[in-house]
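Participant: Once you've had a glance at the structure underneath, I'll fire off some questions.
The values are calculated or read from the model by the stated rules, or taken from the named source; none is laboratory data. Only a predicted model underlies this, so the values are computations on that prediction, with no experimental measurement involved. Cβ coordinates were reconstructed from backbone atoms using ideal geometry, including for glycine residues, and neighbour counts include every protein chain displayed. Just so you know, the surface numbers come from the protein's heavy atoms only, side chains and all, with ligands and any DNA or RNA stripped out. Shrake-Rupley method; radii C 1.70, N 1.55, O 1.52, S 1.80 Å.
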Amino acid sequence: MRRIDIFRFDIHATRTRAKGPARARCSFHANPHMAPLWVAKDKKFFDQHGLDVQLILVSGGSLVAQMLASGEIQMTANAPASLVNLIAGGEKLSFFLGLSNTSPFTVVTQPTLRKAEELRGKRLGTARFGGSSHISALIALEHLGLDLKRDKIILIQTGVDPERMAALEAKAIDGAMLQRVATKVMTSKGFYPLLNMNQAKIPYQNTGLAMRRDFAAANPTAVDGVCRAVIEAYGFIFNKENKQAVKESIARNLRLPKVDAAEDFYQEALEELDRKPYPSLEGTRIVIKYVAEQNPKAASIKVDDLVDTSWLKKLDGEGFFEKMYGGKF
């Protein structure tokens, strides 16, 4: 609650100031594919487009939903599953840039479980139900030819990666959905990577930038500037000469003890980021499908109700991507 109170005070304060740069408030969560936002902020790309973008770390989809609904934030870097639920509840949102267009999760199992059918009757750890790891688990099971009910597989809310790793080691679960760094650690200990969803190229919209539609309609220049600044950050990240600076940004935002500890997270960002980060239409359809199984109101939502590619298409038509990447793709 303290976070919201402080944030409301900040809104009140900004309203009393003289007019200046266009302001936008965007929530994010601690994950390597947030790197374009961090770099855009650190390297002042937002400022160069006349923007005052406030990046606010918010844990928990329910809190993000409250802040979006109340207008306390105008944008969020979030999983589309939570946004689908918001739209089903009547919110007008658009998903306009795909930060991570593939699932970053690997199904990591106990050393003795090396075939899909061996997961029958077993326990699989995820984070919160309705989040990316949960939806990814459902998609992974279908890809492996398994069915949650038929094969009596139990999904358990085990917490974030470190907690899932601990549960695996304690044999409290038989498998877990883990991201790149956690997967690397656990496989080095003998646990088995049954399915790497990124390498398998399974369609899935993991995370992206979304905004309130009323904000976009009232502030098109600001939204255009956000898109340009973020793509400039992509160009900066993909330039290998900037590796150290990118790692410094990742280390600072993930609160790592030293810059060298950011190496795996840097590599994860390079794997997940697309040079043209259009949201995945097929990946979004899949998200809607699985959300609708938990929330029937979501069944009527169409991809066009959520995804808006017009902002990136404008940049594409100008050759902006080629400019940022030196013509190389």
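Participant: So, of the residues in the range 1-44 that are of a type in the set (S, T, N, Q) and at pLDDT 85 or above, which turns out to be farthest from Asn101 (Cα to Cα)? Explain how you work it out, then say what you get.
Facilitator: Step one: of the range 1-44, the residues of a type in the set (S, T, N, Q) are 14, 16, 27, 31.
From what's left, at pLDDT 85 or above: 27, 31.
Details: Ser27: 19, Asn31: 14 Å.
Among those that are of a type in the set (S, T, N, Q) and at pLDDT 85 or above, it is Ser27.
Participant: Related question: Sort out which residues of the range 237-274 are surrounded by fewer than 16 Cβ atoms within 10 Å (Cβ to Cβ) and of a type in the set (Lys, Arg), and write them in order of number.
Facilitator: Lys240, Lys243, Arg252, Arg255, Lys258
Participant: I would also like to ask the following. For the range 264-284, give me each residue that is in a loop (DSSP other than H, G, I, E, B) and among the aromatic types (Phe, Trp, Tyr).
Facilitator: Tyr278
Participant: Could you please find all residues in the range 186-198 being modelled with pLDDT under 95 and more than 10 Å from Phe105 (Cα to Cα)?
Facilitator: Within the range 186-198, no residue meets the criteria.
Participant: If Gly317 satisfies every condition in (1) modelled with pLDDT of 90 or more; (2) under 30 Å from Glu241 (Cβ atoms); (3) open to solvent by less than 50 Å² (accessible area, probe 1.4 Å); (4) not polar (S, T, N, Q) but one, which is the exception?
Facilitator: Unmet condition: (3).
Participant: Out of Val181, Val160, which single residue is open to solvent by 60 Å² or more (accessible area, probe 1.4 Å) and either touching a helix residue (DSSP H, G or I) at 6+ places or on another chain (Cβ under 9 Å) or under 19 Å from His29 (Cβ atoms) (or both)?
Facilitator: Val160
Participant: Could you list, in sequence order, all residues of the range 163-178 that are among the hydrophobic types (A, V, I, L, M, F, W, C) and surrounded by 16 or more Cβ atoms within 10 Å (Cβ to Cβ)?
Facilitator: Met165, Ala167, Leu168, Ile173, Ala176, Met177, Leu178
Participant: Continuing with the same structure: Restricting the search to the range 223-258, which residues are modelled with pLDDT under 95 and aliphatic (A, V, I, L, M)?
Facilitator: Leu254, Leu256
Participant: (1) open to solvent by 30 Å² or more (accessible area, probe 1.4 Å); (2) farther than 21 Å from Ala210 by Cα; (3) not in a helix (DSSP H, G or I): which one isn't true of Gly125, the others all being true?
Facilitator: (1)
Participant: Ok, one more. Note down all Cβ pairs under 9 Å where the first residue falls in the range 238-263 and is of a type in the set (Lys, Arg), the second is open to solvent by 50 Å² or more (accessible area, probe 1.4 Å), and they're at least six residues apart or on different chains.
Facilitator: Close Cβ pairs satisfying both conditions: Lys247/Asp260; Lys247/Glu263; Arg252/Asp42; Arg255/Ala30.
Participant: Just to be sure, is Phe96 buried (at least 23 other Cβ atoms within 10 Å of the Cβ), among the aromatic types (Phe, Trp, Tyr) and outside any helix (DSSP H, G or I)?
Facilitator: Answer is yes for this residue.
Participant: For the range 65-88, which positions are closer than 17 Å to Ala298 by Cβ and either without any contact (Cβ under 8 Å) to a residue 40 or more places away in the chain or hydroxyl-bearing (Ser, Thr, Tyr) (or both)?
Facilitator: Answer for the range 65-88, where residues must be closer than 17 Å to Ala298 by Cβ and either without any contact (Cβ under 8 Å) to a residue 40 or more places away in the chain or hydroxyl-bearing (Ser, Thr, Tyr) (or both): Ala65, Ala69, Ser82, Leu86.
Participant: Given (1) touching a residue at least 60 places away in the same chain (Cβ under 8 Å); (2) surrounded by fewer than 16 Cβ atoms within 10 Å (Cβ to Cβ); (3) in a loop (DSSP other than H, G, I, E, B), identify the lone condition not met by Thr187.
Facilitator: (3)
Participant: Follow-up question, since we're still on this one. Which number in (1) open to solvent by 60 Å² or more (accessible area, probe 1.4 Å); (2) in a loop (DSSP other than H, G, I, E, B) marks the one condition that Gly130 misses?
Facilitator: The single condition Gly130 does not satisfy is (1).
Participant: Quick one: how many residues across the range 264-309 are within 28 Å of Gly319 (Cβ to Cβ), among the aliphatic types (A, V, I, L, M) and free of Cβ contacts under 8 Å to residues at least 24 places away in the same chain?
Facilitator: 1
Participant: Looking at the range 199-214 only, could you name the residues that are open to solvent by 20 Å² or more (accessible area, probe 1.4 Å) and not aliphatic (A, V, I, L, M)?
Facilitator: Gln199, Lys201, Pro203, Arg212, Arg213, Asp214
Participant: Still on this model: Identify, please: which residue in the range 209-242 is in a helix (DSSP H, G or I) and basic (Lys, Arg) and is, among those, farthest from Ala65 (Cα to Cα)?
Facilitator: Once the filter is applied, the top-ranked residue is Lys240.
A quick yes/no check of all residues on (1) in contact with a Pro (Cβ under 8 Å, 6 or more places away or on another chain); (2) within 21 Å of Phe45 (Cβ to Cβ):
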{"site": "Ile237", "(1), (2)": "yes, yes"}
{"site": "Lys243", "(1), (2)": "no, yes"}
{"site": "Ile250", "(1), (2)": "yes, yes"}
{"site": "Ala261", "(1), (2)": "no, no"}
{"site": "Glu272", "(1), (2)": "yes, yes"}
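Participant: Limited to the range 31-50, what total is found for residues that are within 19 Å of the chain's Cα centre (by Cα), outside any helix (DSSP H, G or I) and under 16 Å from Gln244 (Cβ atoms)?
Facilitator: Total satisfying the criteria: 0.
Participant: Taking the range 292-329 on its own, how many of its residues are within 20 Å of Glu232 (Cβ to Cβ), assigned to a helix (DSSP H, G or I) and not charged (D, E, K, R)? Walk me through how you get there before you give the answer.
Facilitator: So in the range 292-329, the residues within 20 Å of Glu232 (Cβ to Cβ) come out as 309-329.
From what's left, assigned to a helix (DSSP H, G or I): 310-318, 320-324.
Going one step further and asking which of them are not charged (D, E, K, R), we end up with 310-312, 315, 317, 320-321, 324.
Of the residues in that region, 8 qualify.
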